[in-house]
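The values are calculated or read from the model by the stated rules, or taken from the named source; none is laboratory data. Everything quoted here is computed from the prediction, not taken from an experiment. All Cβ positions, glycine included, derive from the backbone under ideal geometry; neighbour counts span all protein chains shown. Just the protein is used for accessible areas: all its heavy atoms, side chains included, with ligands, DNA and RNA removed. Shrake-Rupley method; radii C 1.70, N 1.55, O 1.52, S 1.80 Å.
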Amino acid sequence: MPHNNTSPSLPTRLLRHLRMTRAAARRAFPSTTLKAIQASIGAGEREHRAQVRVIVEAALSLGAVRRGDSARQRAHELFSHYRIWDTEENCGVLVYINLADRKVEIVADRGINARVTREQWQQVCRAMTAGYAQGEYEASTLQALASLHEILREVLPREPDAAGDMHNELSDKPLLL
């Protein structure tokens, strides 16, 4: 969501995407961090009706970088590919993290997006990217997810008597691409 006005030059961006390997992404998001993210999503979804999915991608393909594809475009592509839009209440939310571009994007389905301001989403994204700049991937992600869940509790609260019959439409397990 946050977009700065200064984009890196194509050669600089290509180098970033070449250097950011899947192994580097695994170092930033080891299995313990991915499990903590999964637990946070599960706990949050017990308090609201939204369905949250986190996707971490090391880098875009070189073809996508050459075409000038943005992290936002890739987030929309993944939102569609993983059918995050396909929930009963139109309440899917994708948190997309692109490590090479140093971007976090949130794409929300129409059942949520109409109720949340762009600034609210941007605050969540800024909290993550600020922490990532300090190398605090797990803490920043968990803190941002807590803020995201707070927003979602306000706009799509779980009915008190519905906790027992909730069903999970999207996997809570984060994806590392």
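Per residue, the chain exposes 51 Å² of solvent-accessible protein surface, assessed with a 1.4 angstrom probe and all protein chains in place. Placing unit charges on each Cβ (+1 for Lys and Arg, -1 for Asp and Glu) gives the chain a dipole about its Cα centre, and among Thr87, Ile106, Ile41 the Cα reaching farthest toward its positive end belongs to Ile106.
Think of it as helices only: each DSSP H run of n ≥ 4 in the chain is worth -39500 (n - 2.57), and spread over all residues that comes to -15000 deg cm²/dmol at 222 nm.
When the P(r) of the range 65-139 is calculated, the portion above 17 Å amounts to 49% of the C-alpha pairs. So what's the angle, to the nearest 10 degrees on a 0 to 90 scale, between helix 71-81 and the longest Cα principal axis of the chain? Between the helix axis and the principal axis of the chain, the angle is about 50 degrees. Scanning residues 5 or more positions from Gly92 or on other chains, those with amide H under 5 Å from its amide H are Gln51, Thr87, Asp109, with H placed 1.01 Å from N in the peptide plane. Residues in the range 10-15 carry Karplus couplings, in order, of 4, x, 5, 5, 4, 4 Hz; the curve used is 6.51 cos²θ - 1.76 cosθ + 1.60 with θ = phi - 60°, and Gly or Pro positions show x. Between Arg158 and His48, Arg49, the built amide H atoms are under 5 Å apart, and every one of these is 5 or more places off in sequence or on another chain.
Going highest first, how would you order 11-20, 145-154 by mean Cβ packing within 10 Å?
On the way: 11-20: 14.7, 145-154: 18.9.
Order by mean packing, descending: 145-154, 11-20.
Close amide H contacts of Leu176 (hydrogens built in the peptide plane, cut-off under 5 Å, sequence separation of 5 or more or a different chain): Val56. Extents of the chain, largest first, come to 55, 32, 26 Å (Cα atoms, principal axes, whole angstrom). The accessible surface of the chain, taken with every protein chain in place and a 1.4 Å probe, is 49 percent carbon and sulfur.
Given +1 at the Cβ of Lys and Arg, -1 at the Cβ of Asp and Glu and no other charges, the dipole of the range 22-171 around its Cα centre is 760 debye to the nearest 20. Across the range 21-177, the relative contact order, built from alpha-carbon pairs under 8 Å that are at least six residues apart, equals 37 percent.
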